[in-house]
Amino acid sequence: MLNLFKDGPEYIKRTQTPFKPTTATLSEIHSIVPKHLHERSTLKALPYVFRDVFCAFIVYKLGWLIDPFAQSLVQNYGLPPIVGTVAKWSLWALYWHWQGVILAGWWCMAHEAGHGSLSPYGWFNHLIGFSLHTFILVPYYAWRSTHHAHHKATMSIERDENFVPRTRSDYGLPAESVAHIADYHEIFEETPIYTLGRMIFMQLLGWQYYLLTNAMGSPMYPPGTNHFQPSSPLFKPHERNGIIASNIGLTIMSCVLYLWTKEVGLSNFAKFYFVPYLLANHWIVMLTYLHHSDPSIPHYRSKQWSFLRGAVSTVDRPLLGWAGRFFLHNVSHDHVAHHLFSSIPFYNQPQVTEAIKKVLKDDHNYDSSNTFRALYRTFTQCCFIEDDGDIVFYKNKDGKASRVLASDALDSPPKKLV
């Protein structure tokens, strides 16, 4: 039980090891991955899609049995009303958890479709991705566009699209040479209840907030940037028809939800759809946030950034254990492999991970810390980065970084074209 509150040994080892960029090359990594793992199969992907939809349907149908079952415990079996109440809300909690995980899996499957990894046929990928994302109110083509841009510039301070660190000057902090600990605490120190409130907001509504405002996105975009405006600077002109299609899909889905709510009532809408929807968003934010925000993982400026360095500066985490592999399609367990080979089908990614470990060795980032412990650690320790430095780490509320650079870390320029 105490392990839930401890950092994993891999994380501790990283913080104790001065950082130096990997010496592996893309050609070495590509050569170690068997060619057959790149093969995409529509027939192999379809059962996974059907399984995801079937799981959601079965759980939804079981949900309609919860209230009648709880009532029968009191009316037919003579149990005290408190027993019926406890049973009812316990079963609803179970429903919310699993339906939330399953719908997060829909998001992950659509994410894979957006990378074109389900099928060699583009129309099939888009049909699956658009359908699954639209059901959970995600603008498929809009997010696909910015997500592809993120893959091209992962961990680049100047060019990345998601979870871009804010700097010392962004917070108006004094220069490091004259700053006192009170300067940092004035900005970052919070009461535990306030920290908890901010975490809950980020986990439940942070995904929508990002889509609507580009919060924690790249600061190179102007205020008002969002994922719904076809003329948004996030998108290229040829992508605008896709953005319109995403908006039309979301409008139709909203109308469907409105008509269904009129039929079943607001309470059932909340219980069957809205609460699982919020919990799905929680898992989506958790996995994306922790993939790319960690006190022990570097961010790069242009002189030291390369595709390879950005891709391996992500973290594999065993999020939800077997359920993460089954429902979330390996997206967290094999995230480093995904960034190196985003077009390889998710069901082959575990084999890719094992292959690239042979080349990356200690440069492969894994963290067995309990995911909620890692979330709290990242949320409270990843406060800001310095305005200068070509390789930087997050600093905490005391102005201290958890990891330092090796003395020769900047000696080898990145091989950007390898």
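The values are calculated or read from the model by the stated rules, or taken from the named source; none is laboratory data. Predicted model, so just to flag it, every value in this text is computed and none were measured. Don't worry about glycine lacking a Cβ; one is built from the backbone with ideal geometry, like all the others, and counts go over all protein chains shown. Just the protein is used for accessible areas: all its heavy atoms, side chains included, with ligands, DNA and RNA removed. Shrake-Rupley method; radii C 1.70, N 1.55, O 1.52, S 1.80 Å.
Around the Cα centre of the chain, unit charges on the Cβ atoms of Lys, Arg, Asp and Glu (plus for the first two, minus for the last two) sum to a dipole of about 820 debye.
Placing +1 on the Cβ of every Lys and Arg and -1 on the Cβ of every Asp and Glu, with no other charges, gives segment 41-146 a dipole of roughly 80 debye about its Cα centre. Measuring spread by the Cα atoms of segment 369-418 yields a radius of gyration and Dmax of 14.2, 39 Å.
Give the relative contact order (percent, whole number) for segment 303-394; include only Cα pairs under 8 Å separated by 6+ residues. Let's see the in-between values first.
On the way: 84 pairs, mean separation 26.3, N = 92.
This gives 29 percent for segment 303-394.
Helix 140-152 axis versus longest C-alpha principal axis of the chain: approximately 20°, rounded to the nearest ten. In the assembled protein chains, Val33 presents an accessible area of approximately 10 Å² (probe radius 1.4 Å).
Nonpolar atom fraction for the chain, defined as the carbon and sulfur part of the 1.4 Å probe accessible area, stands at 64 percent. Scaling against 2.2 N^0.38 Å puts the C-alpha radius of gyration of segment 291-361 at 1.14. Gyration tensor analysis over the Cα atoms of the chain returns equivalent ellipsoid semi-axes of 37, 27, 22 Å (largest first, whole Å). Here the contact order of segment 134-191, divided by its residue count and restricted to Cα pairs under 8 Å and six or more residues apart, works out to 16 percent. Of all aspartates and glutamates in the structure, not one lies under 12 Å Cα to Cα from Lys61 without also being fewer than 8 positions from it along the same chain.
Calculated translational diffusion coefficient of segment 293-418 (25 °C, 0.890 mPa s; Stokes-Einstein with Kirkwood radius over alpha-carbon pairs) equals 155 µm²/s.
At q = 0.08, 0.16, 0.19 Å⁻¹, what base-10 log of I(q)/I(0) does the Debye formula yield for segment 116-265 when every alpha carbon is treated as an equal point scatterer in vacuo? For the requested q values the scattering log ratios are -0.33, -1.02, -1.25. Residue pairs exceeding 28 angstrom between C-alpha atoms, taken from Lys35/Lys361; Lys358/Lys395; Lys152/Lys271; Lys44/Lys236: Lys358/Lys395; Lys152/Lys271; Lys44/Lys236. For segment 211-368, the relative contact order comes to 13 percent (Cα pairs under 8 Å, sequence separation of at least 6).
Given all pairs of different Cα atoms, what value in angstroms does the Kirkwood hydrodynamic radius of segment 1-147 take?
Numbers: mean 1/r = 0.0505 Å⁻¹.
Evaluated over segment 1-147, this radius sits at 19.8 Å.
Any idea what angle helix 81-114 forms with the longest principal axis of the chain, computed on alpha-carbon atoms, 0 to 90 degrees, nearest 10? Approximately 50 degrees, to the nearest 10. Restricting the chymotrypsin sites (Phe, Trp or Tyr not before Pro) of segment 136-185 to loop positions (DSSP other than H, G, I, E, B) with no more than 10 neighbouring Cβ atoms within 10 Å leaves nothing.
Think of the chain as a dipole: +1 on every Lys or Arg Cβ, -1 on every Asp or Glu Cβ, centred on the Cα centre; then among Phe69, Asn370, Thr22, Phe69 lies furthest on the positive end.
Binning the C-alpha pair distances of segment 133-173 at 10 Å intervals from 0 yields a P(r) profile of 28, 35, 26, 11, 1 %, listed from the shortest bin outward. Within a straight-line Cα-Cα reach of under 18 Å, Lys397 can be paired with the following aspartates and glutamates, leaving aside sequence neighbours fewer than 8 residues apart in one chain: Asp170, Glu176, Asp183, Glu186, Glu189, Glu190, Asp294, Glu386, Asp387.
For Ile252, Ile284, give me the order by solvent-accessible area with a 1.4 Å probe, most accessible first, ignoring ligands, DNA and RNA. Don't skip to the end; give the middle numbers.
Working: Ile252 100, Ile284 5 Å².
Listed by decreasing accessible area, they come as Ile252, Ile284.
Summed over the residues of the chain and divided among them, the accessible surface reaches 47 Å² per residue at a probe radius of 1.4 Å. When the alpha carbon coordinates of segment 75-185 are projected onto the principal axes, the ranges are 73, 53, 17 Å, largest first. Computed from backbone phi, the HN-Hα couplings of segment 299-313 come to 10, 10, 9, 4, 5, 10, 7, 8, 4, 4, 4, x, 5, 7, 8 Hz, rounded to whole numbers (Karplus: 6.51 cos²θ - 1.76 cosθ + 1.60, θ = phi - 60°; Gly and Pro given as x).
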